[in-house]
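Asks: Shown below is the structure under consideration.
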Amino acid sequence: MSFLLVGGDSEIASATFAYMQRHKFPVVATTRRAERLAPGRISLDLAPPLGAWRPPLETRAACILAAVGHLVDCHRDPVGSALINVTRTLELVERLVVGGIYVLFLSTNQVFAGNRPLMSAGMPLDPVSEYGRQKARTETRLQAMMRAGAPIGILRLAKIVSPGMALLRQWQGTLAAGQPVFPFRDMVMAPTPAGVTAAAITALLAERCPGIWQLSGPRDISYAEIAACLARRLNADPTLVRSVSAASAGMPEGSTPRYTTLDGSALRARFGIAAPGPWPIIEELVAVPAGDRQAGSSRPKSPRSID
């Protein structure tokens with residue numbers, strides 16, 4: 001009996017696949033890219049109709065990670081993104097459940113407006129962004145299926161981070177070259193390490209846990225604060241961090257909730273899984289080898305020179 005990760009090319013899926021392999025869980029992931037097909041990786045594209053697609057016969061539990069997951073993409077193409085995030089996702093879940101397979105659906109803090117911290121799992125959904133509205137529509141249907149006895153779980157997540165985070169790499173290179181960065185002062189995150197997320201997904205799949213579960217960091221910090229931390233690490237001129245509003249960059253509605261934190265007490269009580277506070281995570285992400293702390297020197301560094 002094995003686990004199935006639908007949408008195996010994402011950051012979270014990659015971390016979960018690696019976690020499962022390290023802990024000797026049999027796992028298969030899907031990909032929509034032909035060049036990535038390999039042992040343990042099968043084909044599935046949610047854009048066209050599912051047709052005759054069926055999961056591997058030995059599948060016991062599946063996690064739905066495939067999604068159009070960026071707020072900007074959903075805002076720009078609400079119809080195309082909803083096809084994946086709502087229509088095809090529900091079709092896939094129904095097909096898996098009919099086969100007796102437990103399904104874990106990954107949702108988001110964006111199903112809430114973000115007006116208060118540590119939102120509890122049972123609060124009414126009140127999304128602001130198009131992405132949040134799509135996830136809320138899918139959740140609503142899945143919750144109805146759960147009440148009817150379907151083996152379904154929902155795991156809501158906030159910001160997932162991992163070493164090599166692209167935005168931080170970009171900021172590192174820019175600051176190291178003595179150039180300014182423009183982080184959003186009104187956009188926050190409550191970071192959760194990808195490894196912690198992978199452990200939560202694995203635990204819920206292994207025990208086929210129904211219901212709504214949540215995981216986020218315990219406190220929000222702004223992107224501007226993170227950039228300032230990075231500048232200190234690099235010994236860069238602090239005036240190179242020039243915070244701006246998200247609206248100035250044309251970010252869509254719902255991009256700047258006041259809070260993104262979720263109440264993860266149920267997951268912590270059941271499995272002992274919780275994200276640490278934000279600053280140890282950020283300090284690890286922005287850690288720079290001593291020899292690379294040369295921002296402000298006369299020799300600019302390439303954006304790719306700090307990993």
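The values are calculated or read from the model by the stated rules, or taken from the named source; none is laboratory data. All of these numbers come straight from a predicted model, not from anything done at the bench. With ideal geometry, Cβ positions are generated from the backbone for all residues, glycine too; neighbour counts draw on all protein chains shown.
Asks: Could you figure out which of (1) of a type in the set (D, E, K, R); (2) within 25 Å of LEU71 (Cβ to Cβ); (3) surrounded by fewer than 18 Cβ atoms within 10 Å (Cβ to Cβ); (4) in contact with a helix residue (DSSP H, G or I) (Cβ under 9 Å, 6 or more places away or on another chain) isn't true of GLU283?
Replies: The number of the failed condition is (2).
Asks: Name every residue in the range 272-288 that is in a loop (DSSP other than H, G, I, E, B) and charged (D, E, K, R), in order of residue number.
Replies: Let us first name the residues in the range 272-288 that are in a loop (DSSP other than H, G, I, E, B), namely 272-277, 286-288.
If the condition is that a residue be in a loop (DSSP other than H, G, I, E, B) and charged (D, E, K, R), then no residue fits.
Asks: Let me ask something else. In the range 7-45, which residues are of a type in the set (Gly, Ala, Ser) and either surrounded by fewer than 21 Cβ atoms within 10 Å (Cβ to Cβ) or over 14 Å from ALA66 (Cα atoms) (or both)? Explain how you work it out, then say what you get.
Replies: Just the residues of the range 7-45 that are of a type in the set (Gly, Ala, Ser), to begin with: 7-8, 10, 13-15, 18, 29, 34, 38, 40, 43.
Hits for the range 7-45 are SER10, SER14, ALA15, ALA18, ALA34, ALA38, GLY40, SER43.
Asks: Here's another thing I want to ask about it. Looking only at the range 229-243, count how many residues are touching a Gly at 6+ places or on another chain (Cβ under 8 Å) and surrounded by fewer than 18 Cβ atoms within 10 Å (Cβ to Cβ).
Replies: Here the count works out to 2.
Asks: Here's a follow-up. Counting residues that are in contact (Cβ under 8 Å) with a residue 40 or more places away in the chain and touching a Phe, Trp or Tyr at 6+ places or on another chain (Cβ under 8 Å), which strands (runs of 3 or more DSSP E) fully inside the range 1-108 reach at least 2?
Replies: Where strands (runs of 3 or more DSSP E) fall fully within the range 1-108 and carry at least 2 residues being in contact (Cβ under 8 Å) with a residue 40 or more places away in the chain and touching a Phe, Trp or Tyr at 6+ places or on another chain (Cβ under 8 Å), they are 2-6, 59-64.
Asks: Test PRO117 against the stated conditions and say whether it is exposed (fewer than 14 other Cβ atoms within 10 Å of the Cβ) and within 27 Å of MET251 (Cα to Cα).
Replies: The answer is no for PRO117.
Asks: Now, a different point. So if I check each of HIS70, HIS75, which one is over 17 Å from SER14 (Cα atoms) and buried (at least 16 other Cβ atoms within 10 Å of the Cβ)?
Replies: HIS75
Asks: Determine, yes or no, whether GLY217 is closer than 25 Å to ALA121 by Cα and surrounded by fewer than 17 Cβ atoms within 10 Å (Cβ to Cβ).
Replies: no
Asks: Give the residue, chosen from ALA199, ALA150, that is closer than 23 Å to ILE64 by Cβ, in a helix (DSSP H, G or I) and of a type outside the set (Lys, Arg).
Replies: Unique residue meeting the criteria: ALA199.
Asks: Pairs, please: C-beta under 8 Å, at least 6 apart or cross-chain, first residue under 21 Å from LEU157 (Cα atoms) and in the range 219-235, second aromatic (Phe, Trp, Tyr) and crowded, with 18+ Cβ neighbours inside 10 Å?
Replies: ASP220/TYR259; SER222/PHE184; TYR223/PHE184
Asks: Just checking, which of VAL111, VAL97, VAL86 is at pLDDT 95 or above and over 20 Å from the mean Cα position of the chain (by Cα)?
Replies: The match here is VAL97.
Asks: Let me ask another. State whether the residues of the range 23-36 include one that is in contact with a Pro (Cβ under 6 Å, 6 or more places away or on another chain) and over 27 Å from ASP126 (Cβ atoms).
Replies: yes
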